[in-house]
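Single-structure report; data block below.
The values are calculated or read from the model by the stated rules, or taken from the named source; none is laboratory data. If you're wondering where the values come from, they're calculated on a predicted model, not measured in any experiment. With ideal geometry, Cβ positions are generated from the backbone for all residues, glycine too; neighbour counts draw on all protein chains shown.
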Amino acid sequence: MSSKYDVLVIGGGNAALCAAIAARRGGASVLVLEGAPKFYRGGNTRHTRNMRCAHDAATEILTGPYTEEEFWEDLLRVTGGQTDEELARHMIRESKDILNWIVEQGVRWQPSLGGTLSLGRTNSFFLGGGRAMLNALYLTAERLGVDVEYDAEVTDLVIEDGMFLAARLKRPIKGETEIRATSLVAAAGGFEANIEWLKQYWGEAADNFLIRGTPYNRGSILKMLLDKGVQEVGDPTQCHAVAIDARAPKFDGGIITRHDSVVFGIVVNKHAQRFYDEGEDIWPKRYAIWGRLVAAQPDQIAYIIFDSTVVTSFMPTLFPPIAGQTIAELAGKLELDPAALEKTITEFNAAVRPGTFDHTILDDCVTEGITPPKTHWARRIETPPYLAYPVRPGITFTYLGTRVTKEARMLMADGKPSGNMFAAGEIMAGNVLGKGYAAGMGMTIGSVFGRIAGREAAKHARN
Amino acid sequence: MHGTSILDEADRLMTVCNSCRYCEGLCAVFPAMEMRRAFSDGDLNYLANLCHSCGACYVDCQFSPPHEFNVNVPKTLAVARAESYAAYAWPQALSGAFARNGLVISIVAALSMAAFILGFAALNDRGVLFGVHIGPGAFYRLMPHNAMAALFSAAFLYAILALVMSVRAFWRDIGTPIGGRADGGSIFQAIRDAGELRYLHGGGVGCYNEDDKPTDRRKLFHHLTFYGFLLCFAATSVATLYHYLLGREAPYPWWDMPVVLGTFGGIGLIVGPIGLFVAKSRRAPELLDESRYGMDVGFIAMLFLTGLTGVLLLILRETAAMGPLLALHLGAVFALFITMPYGKFVHGIYRFAALVRYVQERRSEAGS
């Protein structure tokens, strides 16, 4: 191993690899330090499946144009205005070119997957999913001569006056426990897998959270940077959370633990009480509020309850529904109070008004006289077997990050840009996403800012 | 629950995959899976035989081992596929041949070649067996044409019968209604899909073998093997027509159609199986049904022996080695014929039926 690299990339996901490839193509020598073992390389990119990029015309895999302006409006809507407009518009503009650039790096697209038709115009899907995308990027990086080390945990960063000098390693790599480099790209993700850190904001409830992605996103690099004077951005208490199956593993259950059945039934807490309007809006627009809703319930658990008439209305699930021939039998299996659940469902059924069911639009099937109401898709739950999925909050990613410029250069707490430190991906996503989310945006942030960070880091190193 | 533990595992995996669907664009297996929410034994055997074992879904899967979901579709379907060969074998009494297939194929091949050598030696003078025979009818001085034709026709017809009965059972089990026919359009499309090995390509980059770098080597060697086999079959067919229609007896000159077809076919049957064997030996163990190594190698070896003895016979047919080589070649071909329904050969038949079924499903879904 040479004593000093031009560019050191910490992290191993989409943003890190885009940075490494761009830096290498810019003529720099590049080392990638991935903290995870090889199989788990790539952080949450392993679990992704698409990227949202602006485009002016339909392509082979996208059904129609998605202009910069429309992308911007979507971003404005989901974040409620909590975004950096200049940075966001820059990202959206750059995303157009990423559609082709990423293909040049070996990634292949495919039309939207079964069950995701609503994304067919806006989002490009990776053929084979996120791990296939990663594999392609790693092959390209290695072919270009980027050095990659796995199980390479960084324990400290040496930073002086906003200048990165070296990274210290837990395990020596070819005899060295300190890696020096002219530029640093930090692309090491958020802190969603660090339960202790989550507890600072969520208290003991965080013990009942499930982490949908990699167990390696513990936020150690983020914390080092913030502790050493990099300006923070984003609400530390914010995270993207959806309701996932309570039977999922603590970490890394991925997309297959999700549930899309909320709009087809009701959701009750451990006291068998409903707590939110299950029919508030079209599911793809609302799925991401349910993690937070369940997190606010006692013991952070809830149950989606429906009947046998709707089982084929949503995607097949990894874990089968829990079934009972009567409400009481189902309640027994869920360890809920049978009388309470019977009462909730009886009252709900009595409140359902007649209507014409259509889950693709905001239909006229509503309840009357109960709180909370179900304002669309309300139908009686009356055909046994009665079925249920237990759900818990599933944390996808966090919003706290390092503030950056349009060049992906980190800003220090005093407002000055760092001389040689750049950030890309989830670690700086909070610059663009103050809150909220729209499918595929995390990968856009990763690829666009990864490419920019790599290019700028190489430029700095080669000057 | 299914009849076997491998089908239970295949069911578990298809449930995982059906709630993920990232691999939808890689091959035919996943779109076929998405047309179902539950999986019968027949469904799983259909999916198992639809799988070309390109390995892409393993390399691309975020849940493959060491992940606790332990998703290994290529290996699981490989085992299920091999077990399906035994399950549909006709007559069922012979399904045990699949259990220790490498041994069975070796013994049959050895006995067959020995029988021809002993037969030639017993029925011919030493001078005839080791003599130099040239000109039309040279081969038939060692074995009369009618005896050769009768023996091989019987073996071939038996193989066809057993294969038809086996694939009929498979076809019924994979969900086509009894009496349900394959239409011409679907068969034509399936011939194209099989002919170009459309699904042995990892979704476009090639298939995965020894590492995570995709290549098209297995596809190339399979093409050499398969088209080599077809050319040899064509050579035999043309020669049969020459014999009965034109009254021209083998051996034929080197430029004549049966010899040209047979030469190219024979080269394919030597180079292709060697390439497939090397690829198989290097294949990552996690992608392999290692317990079926004998079956796979047994079939590869039979094709190789057929090609090798055939080409040697062509080269040395005007020397004293012709007699023994003819015996070896006929022994190899005879063994190949009679073991066809009870060895790896059937993979092509079931996979083709599965491809026909897949085209039908796609079309009926598009039409509905």
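Worth pointing out:
- Output for region B:202-211, where each listed residue is within 15 Å of B:Y58 (Cβ to Cβ) and either of a type outside the set (A, V, I, L, M) or part of a helix (DSSP H, G or I) (or both): B:G202, B:G203, B:G206, B:C207, B:Y208, B:N209, B:E210, B:D211
- Any hit, region A:417-426, residues being small (G, A, S), part of a helix (DSSP H, G or I) and in contact with a Gly (Cβ under 9 Å, 6 or more places away or on another chain): yes
Here is a yes/no grid of residues against (1) of a type in the set (S, T, N, Q); (2) within 14 Å of chain A (Cβ to nearest Cβ); (3) under 25 Å from A:G106 (Cβ atoms):
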| site | (1), (2), (3) |
| --- | --- |
| B:G42 | no, no, no |
| B:A48 | no, no, no |
| B:C51 | no, no, yes |
| B:S64 | yes, yes, yes |
| B:F69 | no, yes, no |
| B:V73 | no, yes, yes |
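- Here B:R357 does not fit the description of being more than 13 Å from the chain's Cα centre (by Cα) and surrounded by fewer than 23 Cβ atoms within 10 Å (Cβ to Cβ).
Matching residues to (1) assigned by TED's automatic domain parsing to the domain that holds B:L200; (2) in a helix (DSSP H, G or I):
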position	(1), (2)
B:R12	no, yes
B:A38	no, no
B:P65	no, no
B:F69	no, no
B:A110	yes, yes
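- Each residue in region A:231-259 was checked for being facing another protein chain (nearest Cβ under 10 Å), in contact with a Gly (Cβ under 8 Å, 6 or more places away or on another chain) and modelled with pLDDT under 95, and 1 pass.
- Put simply, of A:I256, A:I221 the only residue that is at negative phi and either surrounded by fewer than 24 Cβ atoms within 10 Å (Cβ to Cβ) or in the same structural domain as A:L318 (by TED's automatic domain parsing) (or both) is A:I256.
- Pick from region A:3-41, criterion within 14 Å of chain B (Cβ to nearest Cβ) and surrounded by fewer than 24 Cβ atoms within 10 Å (Cβ to Cβ), ranking: nearest to A:A186 (Cα to Cα): A:A36
- The test for being surrounded by fewer than 19 Cβ atoms within 10 Å (Cβ to Cβ), in contact with a Pro (Cβ under 7 Å, 6 or more places away or on another chain) and charged (D, E, K, R) does not hold for B:R12.
- Counted residues, region A:435-460 - those being aliphatic (A, V, I, L, M) and either touching a Cys at 6+ places or on another chain (Cβ under 6 Å) or surrounded by fewer than 22 Cβ atoms within 10 Å (Cβ to Cβ) (or both): 2
- Options B:L305, B:L326: the member that is part of a helix (DSSP H, G or I), within 17 Å of B:F139 (Cα to Cα) and modelled with pLDDT of 95 or more: B:L326
- Qualifying residue in region A:256-267 (condition: closer than 30 Å to A:P321 by Cβ and in contact with a Cys (Cβ under 6 Å, 6 or more places away or on another chain)): yes
- Residues (free of Cβ contacts under 8 Å to residues at least 60 places away in the same chain and surrounded by fewer than 18 Cβ atoms within 10 Å (Cβ to Cβ)) located in region B:284-307: B:P285, B:E290
- Applying the criterion of being touching an Asp or Glu at 6+ places or on another chain (Cβ under 7 Å) and at pLDDT 95 or above to the residues of region A:75-119, the residue that is nearest to A:T360 (Cα to Cα) is A:I92.
- Long-range neighbours under 7 Å by Cβ, at least six apart or interchain, first residue in contact (Cβ under 8 Å) with a residue 40 or more places away in the chain within region B:97-112, second of a type in the set (A, V, I, L, M, F, W, C) and not in a helix (DSSP H, G or I): B:F98/B:A89
- Of all residues in region A:101-126, those that are more than 8 Å from chain B (Cβ to nearest Cβ) and without any contact (Cβ under 8 Å) to a residue 60 or more places away in the chain have Cβ atoms under 7 Å from Cβ atoms of residues that are part of a strand (DSSP E or B) and polar (S, T, N, Q), 6 or more apart or on another chain, in A:W109/A:S124.
- Pairs, first touching a residue at least 40 places away in the same chain (Cβ under 8 Å) and surrounded by 13 or more Cβ atoms within 10 Å (Cβ to Cβ) in region B:139-162, second part of a helix (DSSP H, G or I) and of a type in the set (F, W, Y), C-beta under 6 Å, six or more apart: B:L142/B:F120; B:A155/B:F334; B:A155/B:F337; B:F156/B:F337; B:A159/B:F337
- Top-ranked residue in region A:138-156 [being within 12 Å of chain B (Cβ to nearest Cβ) and not aromatic (F, W, Y); ranked as farthest from A:A36 (Cα to Cα)]: A:R143
- Every pair of residues 6+ apart whose Cβ atoms lie under 8 Å, when the first sits in region B:48-60 and is on the phi > 0 side of the Ramachandran plot while the second is assigned to a helix (DSSP H, G or I) and surrounded by fewer than 24 Cβ atoms within 10 Å (Cβ to Cβ): B:S53/B:A78; B:S53/B:L287; B:G55/B:L287
- Scanning region B:200-233 for residues that are within 14 Å of chain A (Cβ to nearest Cβ) and either surrounded by fewer than 13 Cβ atoms within 10 Å (Cβ to Cβ) or aromatic (F, W, Y) (or both) turns up B:Y208, B:D211.
- Residue within region A:390-399 that is of a type outside the set (F, W, Y) and assigned to a loop (DSSP other than H, G, I, E, B) present: no
- Single residue of region B:200-228 satisfying the filter (at pLDDT below 95 and hydroxyl-bearing (S, T, Y)) that is nearest to B:A48 (Cα to Cα): B:Y208
- Answer residue from region A:170-195, given it is in a strand (DSSP E or B) and of a type in the set (A, V, I, L, M) and is modelled with the lowest pLDDT among those: A:I173
- Listed conditions (1) surrounded by 19 or more Cβ atoms within 10 Å (Cβ to Cβ); (2) within 30 Å of B:V16 (Cα to Cα); (3) among the hydroxyl-bearing types (S, T, Y); (4) away from chain B (no Cβ under 14 Å) are all met by A:Y66, apart from (2).
- Any hit, region B:88-96, residues being within 14 Å of chain A (Cβ to nearest Cβ) and in a helix (DSSP H, G or I): no
- For first residues located in region A:304-318 and within 15 Å of B:M33 (Cα to Cα) and at the interface with chain B (Cβ under 7 Å from one of its Cβ atoms), partners that are among the acidic types (D, E) and surrounded by fewer than 20 Cβ atoms within 10 Å (Cβ to Cβ) and lie 6+ apart or on another chain with Cβ distances below 8 Å form the pairs A:M315/A:D260.
- In region B:127-180, the residue that is modelled with the lowest pLDDT out of those that are polar (S, T, N, Q) and outside any loop (DSSP other than H, G, I, E, B) is B:N146.
- Some residue of region B:225-237 being closer than 30 Å to A:V103 by Cβ and not hydroxyl-bearing (S, T, Y): no
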